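Structure record follows, encoded as structure tokens.
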Ligand code: ADP
Ligand code: MG
């Protein structure tokens, strides 16, 4: 008897060979196989008559093969199979490229269904490389057909046949991870029906039911997992921090904190004296001053005799935080260090030893801080900055580091509420809803490349007034020639230096430079040794050079709104009027509309909502890499209502049965999904 952990090669009808091919997709167990959900579907329910095929449209037609297919060998690597099929309404000429085996499997006199794009004219239709199968088989035609994500060596047909075998093998053993009462209350179909119809939908309605049920299930399990993480944290006891006189810290700042900053610091301090580990998200729009909230918490921790770590997503940012905070911290008696991937092994060892010995109070770095076996003597607080690049799993890894340090997460991207619920469902939230005083909104305009001469003279004027400028070029898509973005940036910078600004200091920075080189360029820009910095989006997040007053974004249509908002947040940080110029020649009305959102509003939350609505959640996570356990069917951009329902159901269940004793299948599946994302509950 099969169980869901059975290796696919033992499934009837699959065998070694096919199992190996499936392995390339990461499909190993029966569970993997039946959970390999289609990416999309093609509705091939309808079969037309030949005369009803419309040139240019994709459709299916049933027709009888009129004479034996012919094979011609055109040249090496190109064989053609040709045949003529007919019905009572017309003639369909079919050509297959390099599928010579079809010659023997397609029999004259029998009727087949051909599915593909019709060509030709109204008198004679043609199809090239259509999907073909005997009429009545209804495997690849005659119904709604799943389209799976694939890899080389596995065809749609092989995959869907394998899934068929898989479903047949586990029809009776699929555990329903949704407790009966939840299923009934939310009108969700049974698990068997859901798996059957997500793969082989009987109808569009059946597919909807299946999808709804599976999405609900995912969101439900996900919520349970997040609640469990929170629960676990709430049962952990840590030694409460004692009160600390913060006056010395506040007095050392060059400005007074905003009301909102003080409130967030207050909330974080309350967590840290509570005797439970803090797990808080501090959300604030770009420029709202999150760093100082972090700094206050660091001070609080260190004055409690506990080390603090600040983790940034890039070396540039880590270094900048370090250089910004050290002059503040050291006079207050706090010993600081910087630890990144570009430290030598020897430096790392000695830093690590100093951390273990308690000779460093405050360490800033990249995620080298939690990986690579760094030990702390007494880690009390971990701050992660610009959080959306770290996932649930990283947070869990952090929480396991040392003796349950307090964690504070600083989010750079204003995240729409629905997403925040998902991403940060296990966190408490503070919001900095106020900008430091005296900021003037960045003036934003949208122009086409015909404006370049004007843009250049504008830059020149600002530089003459003592300001600096950013020019951002888009990164080249991964599929294109690697290294091209480097070329785009370096060439553009060289051209500007040579032809436009021979008298100004132009520099460039891109993602493929060595960390040391990047740092050097950034430091020079911060020190005002360069006037104009041409860059890819490496400066997108967090970089703080208050003297920079203009941000030009080339090919702005290639960026997401949230990304543009981040970019724009790099200017307008000082006392000067700042500008953002979006350059785009794209005439597409939708694109223009999207870009115009930037001109109209400076509110990061509104922009994020709009971005989510227009582009879906991919932008917030990076494709598939969102690190959210088990979300395959659920579309977190669109299923907000379903999410609410699932959360309600999860909370109600936990209320009744906090340890999930009545539903072991639910508990087991939740643990499994989180384990896949490297989160364990033990
Ligand atoms: P972000 O929230 O984007 O990380 P930062 O912490 O980098 O923002 O702060 C943006 C800029 O505002 C920095 O130059 C910082 O020194 C300055 N700043 C922060 N808080 C205040 C304040 N209360 N008053 C004036 N300037 C401030
Ligand atoms: Mg910041």
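The values are calculated or read from the model by the stated rules, or taken from the named source; none is laboratory data. These numbers come from a predicted model, not from an experiment. Neighbour counts run over all protein chains shown; Cβ positions are idealised from the backbone, glycine included.
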Residues located in the range 99-147, provided they are in contact with a helix residue (DSSP H, G or I) (Cβ under 7 Å, 6 or more places away or on another chain) and surrounded by 20 or more Cβ atoms within 10 Å (Cβ to Cβ)
125, 146
Residue match in the range 396-411 (condition: buried (at least 22 other Cβ atoms within 10 Å of the Cβ), at pLDDT below 85, in contact with a strand residue (DSSP E or B) (Cβ under 9 Å, 6 or more places away or on another chain) and not in a strand (DSSP E or B))
yes
Checking residue 81 against (1) in contact (Cβ under 8 Å) with a residue 40 or more places away in the chain; (2) in contact with a strand residue (DSSP E or B) (Cβ under 8 Å, 6 or more places away or on another chain); (3) under 29 Å from residue 151 (Cβ atoms); (4) surrounded by 12 or more Cβ atoms within 10 Å (Cβ to Cβ), only one condition comes out false. Which one?
(1)
Of the numbered conditions (1) crowded, with 22+ Cβ neighbours inside 10 Å; (2) modelled with pLDDT of 95 or more, residue 285 satisfies every one except a single condition; which is it?
(2)
Go through the range 26-51 and give me each residue that's buried (at least 20 other Cβ atoms within 10 Å of the Cβ) and in contact with a strand residue (DSSP E or B) (Cβ under 6 Å, 6 or more places away or on another chain).
38, 50
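For residues in the range 269-302 being closer than 22 Å to residue 435 by Cα, in contact with a strand residue (DSSP E or B) (Cβ under 6 Å, 6 or more places away or on another chain) and in a helix (DSSP H, G or I), which is nearest to ligand 2 (Cβ to nearest atom)? It would help to see each step written out before you state the result.
At the first step, the residues of the range 269-302 found to be closer than 22 Å to residue 435 by Cα are 269, 280-298.
Okay, now just the ones that are also in contact with a strand residue (DSSP E or B) (Cβ under 6 Å, 6 or more places away or on another chain), so 280-284, 288, 290, 293-294, 297-298.
From what is left, the residues that are in a helix (DSSP H, G or I) are 290, 293-294, 297-298.
Values: 290: 5, 293: 10, 294: 9, 297: 14, 298: 14 Å.
Here the residue is 290.
Table: residues versus (1) within 22 Å of residue 545 (Cα to Cα); (2) at pLDDT 80 or above; (3) over 24 Å from the mean Cα position of the chain (by Cα).
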| site | (1), (2), (3) |
| --- | --- |
| 486 | no, no, no |
| 491 | no, yes, yes |
| 495 | no, yes, yes |
| 499 | no, yes, yes |
| 502 | no, yes, yes |
| 505 | yes, yes, yes |
| 520 | yes, yes, yes |
| 524 | yes, yes, yes |
Members of the range 346-375 that are part of a helix (DSSP H, G or I) and surrounded by 17 or more Cβ atoms within 10 Å (Cβ to Cβ)
348, 351, 352, 355, 367, 368, 369
Check on residue 249, within 16 Å of ligand 1 (Cβ to nearest atom), touching a residue at least 12 places away in the same chain (Cβ under 8 Å) and surrounded by 18 or more Cβ atoms within 10 Å (Cβ to Cβ):
yes
Filter the range 1-25 down to residues that are loosely packed, with under 12 Cβ neighbours inside 10 Å and in contact with a helix residue (DSSP H, G or I) (Cβ under 7 Å, 6 or more places away or on another chain), then give me how many there are.
3
